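Here is the structure we will look at, set down as structure tokens.
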Amino acid sequence: MVKKVKILAIDGGGIYGIVSAMILSELERLTGKRIAQLFDLIAGTSTGGIIALGLSMPDATGKTPRYTASEMVQLYEANGNQIFHRSLLHQALALGNLLDEKYPADGIERVMKKYFGERMLSEAMTKVLVTAYNIERRDAYFFKSHKASLQDDRNFYIRDVARATAAPPTYFEPAKIQNISKSQEFVLIDGGVFANNPTMCAYAELKPLYPDATDVVVVSIGTTGNKKPYVYEQARDWGSAQWVGPILEIMMDGVMETVDYQLSQIFNTIPQKDSYYVRLQAMTEGKIAFDDPTEANIRLLKEFAGKYIDENQPLLNSLAGQLIESV
């Protein structure tokens, strides 16, 4: 009999990854288990991809995940200013953000190399799926650890996967990476352009990976803050320049909400009592830029996450019990 399949998916959202990591840290505390031990498949986009990779990468012994969810919180606290850093010269040459990417890639690349070193996707301690988009071939690309363990041409250094999934257009230049076999080169941008909420991508892997599964638990971690309204009196006279910022935000929010709607509808029709879908999403009280790692913003994000955890303790306790049941 196939055990209950448990899927975790983590949204993109830059520095909001602190909130996701704190919620996951609470699940680790409640269960006494690492996230990679609790879930059969972990999917992530952008900052969610970085978290998914960190929580599933093995330590030096190869027997235990290298990072706890709490340590992934520290990744953002300790390195946010390095990831989202630009010199005055870069800012001037880019005319703010008009002629070049907002941030040079060397900062995020140093941090990803520091945290992930020479580890490969094939070494992940549970199945991992990370999203990116290939701008040369014009198609979605899915990094899959179970494929990487079987095919060298699907295997990559984890640091390169993290760099590719977290490359939002206008913020970082596209990632140009090679697979382990060096047989192919890929030019990739942030998976958030098509799957900022990767939960449906993860759910689509259920039957191919577990064809006999009868019960499934899907846990989706959101990263959205309060949404800024755009009123008719302003938007009616906007041209392309004014729409650039809002439309990207609206499209990403719309994709996240659509996936939540789709999965809610699907699971409402599933008769099995042991199958369910839950979306954990801490709404912040005000808009915080996803690329603003200042100490004040990090403190606010941690406060919002703490408040969400406190207010939803019964839900998290119940979820922890369900997750530990079949470990």
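The values are calculated or read from the model by the stated rules, or taken from the named source; none is laboratory data. These figures come from a predicted structure and were not determined experimentally. Note that we place each Cβ from the backbone using ideal geometry, even for glycine, and neighbour counts take in every protein chain shown. Side chains are part of the model used for accessible areas, which takes the heavy atoms of the whole protein and leaves out ligands, DNA and RNA. Shrake-Rupley method; radii C 1.70, N 1.55, O 1.52, S 1.80 Å.
For segment 182-206, what are the residues that are of a type outside the set (A, V, I, L, M) and surrounded by fewer than 19 Cβ atoms within 10 Å (Cβ to Cβ)?
Lys182, Ser183, Gln184, Glu185, Phe194
What number goes with the only condition from (1) under 19 Å from the mean Cα position of the chain (by Cα); (2) more than 30 Å from His85 (Cα to Cα); (3) of a type in the set (Phe, Trp, Tyr) that Tyr210 does not pass?
Result: Tyr210 passes all but (1).
Which of the helices (runs of 4 or more DSSP H) found entirely inside segment 144-238 contain at least 2 residues meeting this: in contact with a Phe, Trp or Tyr (Cβ under 9 Å, 6 or more places away or on another chain)?
158-165, 192-195, 199-203
So is Gly12 part of a loop (DSSP other than H, G, I, E, B), buried (at least 24 other Cβ atoms within 10 Å of the Cβ) and not charged (D, E, K, R) or not?
Yes.
Name, by its number, the condition in (1) surrounded by fewer than 17 Cβ atoms within 10 Å (Cβ to Cβ); (2) touching a Gly at 6+ places or on another chain (Cβ under 8 Å) that does not hold for Asn268.
Every listed condition holds for Asn268 apart from (2).
One line per residue, one yes/no per condition, for (1) among the polar types (S, T, N, Q); (2) modelled with pLDDT under 90; (3) surrounded by 13 or more Cβ atoms within 10 Å (Cβ to Cβ):
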| site | (1), (2), (3) |
| --- | --- |
| Pro208 | no, no, no |
| Ile221 | no, no, yes |
| Asn226 | yes, yes, no |
| Trp238 | no, no, yes |
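I'm checking my understanding of the structure. Among residues of segment 279-315 that are touching a strand residue (DSSP E or B) at 6+ places or on another chain (Cβ under 8 Å) and open to solvent by less than 20 Å² (accessible area, probe 1.4 Å), which one is modelled with the lowest pLDDT?
The residue in question is Ala282.
So, in segment 22-39, exactly how many residues are open to solvent by less than 30 Å² (accessible area, probe 1.4 Å) and out of contact with any strand residue (DSSP E or B) (no Cβ under 9 Å at 6 or more places or on another chain)?
3
Within segment 124-139, take every residue that is open to solvent by 20 Å² or more (accessible area, probe 1.4 Å) and not in a loop (DSSP other than H, G, I, E, B) and give me the one that is farthest from Phe186 (Cα to Cα).
Among those residues, the one meeting the criterion is Lys127.
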